[in-house]
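A short worksheet on the structure shown next.
The values are calculated or read from the model by the stated rules, or taken from the named source; none is laboratory data. Just so you know, these numbers come straight off a predicted model, no measurement behind them. Cβ: placed from backbone, ideal geometry, glycine included. Neighbour counts: every protein chain shown. For the accessible areas, the whole protein counts, side chains as well, though only heavy atoms, and no ligand, DNA or RNA atoms are used. Shrake-Rupley method; radii C 1.70, N 1.55, O 1.52, S 1.80 Å.
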Amino acid sequence: MPKILVSLPDGGTATHELAEASITVGRLADNALQIEDASVSSHHAELTLGDGGDYVLTDIGSTNGTRVNGKELAEGEGQRLHGSDKVTFGNIDASYESENPAEARAMPAAKEVAAVTASKSVRPAGFENASPFQTKKKKKDPIGLAILGFSVLAMLAFAASVAMIFSLKSPL
């Protein structure tokens, strides 16, 4: 027996077994499948038993629309449901389950996306590094610079004293 699983706004799921030939979906209590949500119209859609035991979903003039697998149904347009189809009534998601094995369906055609490159790139005001790793900034070490300068001065003094020693002449 086919079922429709409705994901409720509170996070729960309601399972409805589809046993009648015609089932209306809407917000009011006179519908066979009542979904109490403001995005669902009072009389939103109709499920009609089709050939092969699966239902045909038809939007009957809903305000917020009906979608099957993300595709919007036009008012009065019927869409045959297959096992594991995702149906949306307004903002309410549902899933259709069937006892019939799902037919292989072709992949949807890929849409070509027009990519436009920017003519120039400008750094936004207040832009900071978005990396989670902070860059290490080199710190100036005045003590290390002083030690390095003193070492260079000491080597020059040593070289000068060695040069003076070699320049001395023997008194003999």
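Scalar couplings 3J(HN,Hα) for the stretch 56-73, obtained by applying the Karplus form with A = 6.51, B = -1.76, C = 1.60 to θ = phi - 60°, are 10, 9, 10, 7, 10, x, 6, 6, 9, x, 10, 10, 10, 6, x, 9, 5, 8 Hz; x denotes Gly and Pro.
Once the gyration tensor of the Cα atoms in the stretch 43-124 is diagonalised, the equivalent ellipsoid follows with semi-axes of 35, 18, 11 Å, ordered largest first.
Of the Cα atoms belonging to the stretch 95-166, the radius of gyration and Dmax stand at 35.3, 107 Å. Here the Karplus curve 6.51 cos²θ - 1.76 cosθ + 1.60, taken at θ = phi - 60°, turns the phi angles of the stretch 84-92 into couplings of 6, 5, 9, 10, 10, 9, x, 10, 9 Hz, with x standing for Gly and Pro. Ranked by solvent-accessible area (1.4 Å probe, protein heavy atoms only, all chains present), the residues 93, 10 order from largest to smallest as 10, 93. Compared with the dominant Cα axis of the chain, that is its longest principal axis, helix 142-167 is turned about 30°.
Per residue, the chain reaches -5500 deg cm²/dmol at 222 nm when only DSSP H runs of four or more residues are counted, each adding -39500 (n - 2.57). Taking R0 as 25 Å, what FRET efficiency do you get between residue 82 and residue 42 from their Cβ-Cβ distance, rounded to the nearest 0.05? According to the calculation, E is roughly 0.35. With N counted as the residues of the chain, its alpha-carbon radius of gyration over 2.2 N^0.38 Å works out to 2.52.
Per-residue Karplus couplings for the stretch 11-24, computed as 6.51 cos²θ - 1.76 cosθ + 1.60 with θ equal to phi - 60°, are listed in order as x, x, 10, 10, 9, 10, 7, 9, 10, 8, 6, 9, 10, 8 Hz, Gly and Pro entered as x. Which percent of the accessible area of the chain is formed by carbon and sulfur heavy atoms (probe 1.4 angstrom)? Summing carbon and sulfur atoms, their accessible area is 59 percent of the total for the chain.
Using the Cβ-Cβ distance between residue 143 and residue 114 with R0 set to 41 Å, the FRET efficiency from 1/(1 + (r/R0)^6) comes to roughly 0.10. Pair-distance distribution of the stretch 1-96: all C-alpha pairs, bin width 10 Å, starting at 0; shares per bin in whole percent are 18, 58, 24, 1.
Remark: the chain carries 75 Å² of accessible area per residue (probe radius 1.4 Å; ligands, DNA and RNA excluded). Sorted on the mean count of surrounding Cβ atoms within 10 Å across their residues, most packed first, peptides 69-78, 162-171, 113-122 read 69-78, 162-171, 113-122.
When all alpha carbon pairs of the stretch 1-54 are counted in 5 Å bins from zero, the resulting P(r) reads 5, 19, 27, 26, 14, 7, 1, 0 %.
Between residue 106 and residue 172, the contour length at 0.36 nm per residue exceeds the alpha carbon distance by 12.7 nm. In a fully extended conformation the segment linking residue 30 and residue 154 would gain 34.5 nm over its present Cα-Cα distance, using 0.36 nm per residue.
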